[in-house]
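Asks: Could you have a look at this structure, given as structure tokens, before my questions?
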Amino acid sequence: MMEIVKINDRISYIKATEKPLSADVGIVCGDEFVWIFDVGADELVPMELKRIEKPKNAVISHFHPDHTANLDKMDFSEIFLGANTFKYAKKGKTVEKDIFIDDGIKIHIFLLPSSHAKGSIGLEAGEYAFLGDAAYATMKQGKVCYNASVLKEEITVLKSLSAKYFLLSHDEKFIYPKDEVIKNLEEIYSKRDPKESYIFIG
């Protein structure tokens, strides 16, 4: 059995695992659909989600296998993903602009600039926003870093969201106040060298 953590009456998630590496899987219960944010890689995830007897839509944050590996093991009414992720999944609906849907809870699917993975998207559901790995860094020349211009764009998008809490995959705490995440990213951005494209943090 997977561990499902309830956040409120509408929102819960399946916790990430290390072996196998599998991302947190968000579950948003709308009136018509269950919205699944990322599908993980652990083979137990599809079994757990199939227990929920309601049509499901998937929102895939980015193309990395720990977020997408189970995509072919489940049936979805619709799959929403970024253009770069579509190249790998070869299925679903490419998100090119913000999508707003009222399903008893306000659903907002949005493009999310990210140093971690090109073409990331996020899912805002009420007071919570699933960000996947988008707030994380990447590696360049063997060092941890952020792309400065992309980070600036990301901060702008995150500030525009109405959610009060951000949900960060692979993080044990998982739920963070919006202001805390933005403050952390702004502190990283403040360390940029205007002559450099990347901000190296380690």
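Asks: Given the residues D75, D31, D9, which is the only one that is surrounded by fewer than 24 Cβ atoms within 10 Å (Cβ to Cβ) and either in contact with a Lys or Arg (Cβ under 8 Å, 6 or more places away or on another chain) or not in a loop (DSSP other than H, G, I, E, B) (or both)?
Replies: On inspection, the qualifying residue turns out to be D75.
Asks: In segment 143-155, is there at least one residue being of a type outside the set (F, W, Y), surrounded by fewer than 23 Cβ atoms within 10 Å (Cβ to Cβ) and assigned to a loop (DSSP other than H, G, I, E, B)?
Replies: Within segment 143-155, not a single residue is of a type outside the set (F, W, Y), surrounded by fewer than 23 Cβ atoms within 10 Å (Cβ to Cβ) and assigned to a loop (DSSP other than H, G, I, E, B).
Asks: Something else: Give me a count of the residues in segment 85-99 that are among the hydroxyl-bearing types (S, T, Y) and over 16 Å from the mean Cα position of the chain (by Cα).
Replies: 1
Asks: So E96 clears everything in (1) under 26 Å from V181 (Cβ atoms); (2) in contact (Cβ under 8 Å) with a residue 12 or more places away in the chain; (3) in a strand (DSSP E or B); (4) not hydroxyl-bearing (S, T, Y) except one condition, right? Which one?
Replies: If we test E96 against (1) under 26 Å from V181 (Cβ atoms); (2) in contact (Cβ under 8 Å) with a residue 12 or more places away in the chain; (3) in a strand (DSSP E or B); (4) not hydroxyl-bearing (S, T, Y), just (3) comes out false.
Asks: For segment 4-61, give me each residue that is hydroxyl-bearing (S, T, Y), closer than 21 Å to D102 by Cα and in contact with a helix residue (DSSP H, G or I) (Cβ under 6 Å, 6 or more places away or on another chain).
Replies: The one that is hydroxyl-bearing (S, T, Y), closer than 21 Å to D102 by Cα and in contact with a helix residue (DSSP H, G or I) (Cβ under 6 Å, 6 or more places away or on another chain): S61.
Asks: Which residue out of A69, A125 is at pLDDT 95 or above, out of contact with any Lys or Arg (no Cβ under 6 Å at 6 or more places or on another chain) and closer than 29 Å to S149 by Cβ?
Replies: A125
Asks: Against the conditions (1) in contact with an Asp or Glu (Cβ under 7 Å, 6 or more places away or on another chain); (2) surrounded by fewer than 17 Cβ atoms within 10 Å (Cβ to Cβ); (3) without any contact (Cβ under 8 Å) to a residue 60 or more places away in the chain, where does G104 fall short? Just the number, please.
Replies: (3)
Asks: When both residues are 6+ apart or on different chains and their Cβ atoms are under 8 Å apart, which pairs have a first residue that lies in segment 182-202 and is more than 19 Å from A129 (Cβ to Cβ), and a second that is of a type in the set (D, E) and assigned to a loop (DSSP other than H, G, I, E, B)?
Replies: Hits for this filter: I199/D193.
Asks: I need the full set of residues from segment 82-140 which are of a type in the set (D, E) and closer than 13 Å to I60 by Cβ, in order please.
Replies: D133
Asks: What number of residues in segment 12-28 are under 13 Å from N70 (Cβ atoms) and in a strand (DSSP E or B)?
Replies: 4
The values are calculated or read from the model by the stated rules, or taken from the named source; none is laboratory data. Bear in mind that the values here come from a model prediction, so they are computed numbers and not experimental data. A quick note on method: Cβ atoms are made from the backbone with ideal geometry, for glycine too, and the neighbour counts reach across all protein chains shown.
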